[in-house]
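Following: one structure in structure tokens, then a few remarks.
The values are calculated or read from the model by the stated rules, or taken from the named source; none is laboratory data. This one's a predicted model, so the numbers in the text were calculated from it and none came from an experiment. Here the Cβ positions follow ideal geometry from the backbone for every residue, glycine too, while neighbour counts run over all protein chains shown. Just the protein is used for accessible areas: all its heavy atoms, side chains included, with ligands, DNA and RNA removed. Shrake-Rupley method; radii C 1.70, N 1.55, O 1.52, S 1.80 Å.
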Amino acid sequence: MHRGLPLEDVLGTGGPLPPLHDLHLRVLPTELRDLIAAPQGPAQTAARMILSQVSPIRMGQFAAADLATMDLPDRAVFPQLPQDRRHLLVPYLPHVLGGLRTEVPGYVTDVLAGRTPPDWVTERLAGVVVVPPLGAAAGQQPLTPQAPALPNRARGALRAA
């Protein structure tokens, strides 16, 4: 509980971003270090906030950083990240930062259009949260999707990183 982060704070709107200390900062590509230092949008800020919760857990494991990298899926903002996980269940940097994409995934487009996402989404998630771009609040038309109902088997399946 002492590392908990309220979901409404994940966008970093409560003030300055918390400090981030990570075993891999020195070996990460410059553009990734820049993003971590000063996120440029809501998705990047959310990833940065989650990483600020996970990194101290990894640092407390007293094991050298594994610098081997793993490839991420197509259209990932960062195509390779360190696969280090030590005692965590999954490689933490790809798990947190791997969701950053260069374009909106098709299942999100489906949700925004009021269509039911594919089964591989509805079977694993209880919902999808869409955060409008930063400029949307300044006179642009806000996103108001008609979210389709997800099947009961997906309820409660959403897990925070």
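Some notes on this structure:
- Solvent-accessible surface of the stretch 1-60, taken per residue with a 1.4 Å probe and all protein chains present: 60 Å².
- Pairwise FRET efficiency - Leu112 versus Ile57, Cβ, R0 = 30 Å, nearest 0.05: 0.30
- Amide H to amide H, with H built 1.01 Å from N, Arg101 comes under 5 Å of Val77, counting only residues 5 or more places away or on other chains.
- On the beta carbon distance between Asp66 and Glu103, with R0 = 22 Å, the FRET formula returns roughly 0.15.
- Where labels lie 7 Å past Cα in the beta-carbon direction, separation of Val129 and Gln80 in nm: 3.3 nm
- Using the average count of surrounding beta-carbon atoms within 10 Å as a protection proxy, the listed peptides 91-103, 18-30 rank, highest first, as 91-103, 18-30.
- Solvent-accessible area per residue, Å², over the stretch 65-119 with all protein chains present [probe radius 1.4 Å]: 58 Å²
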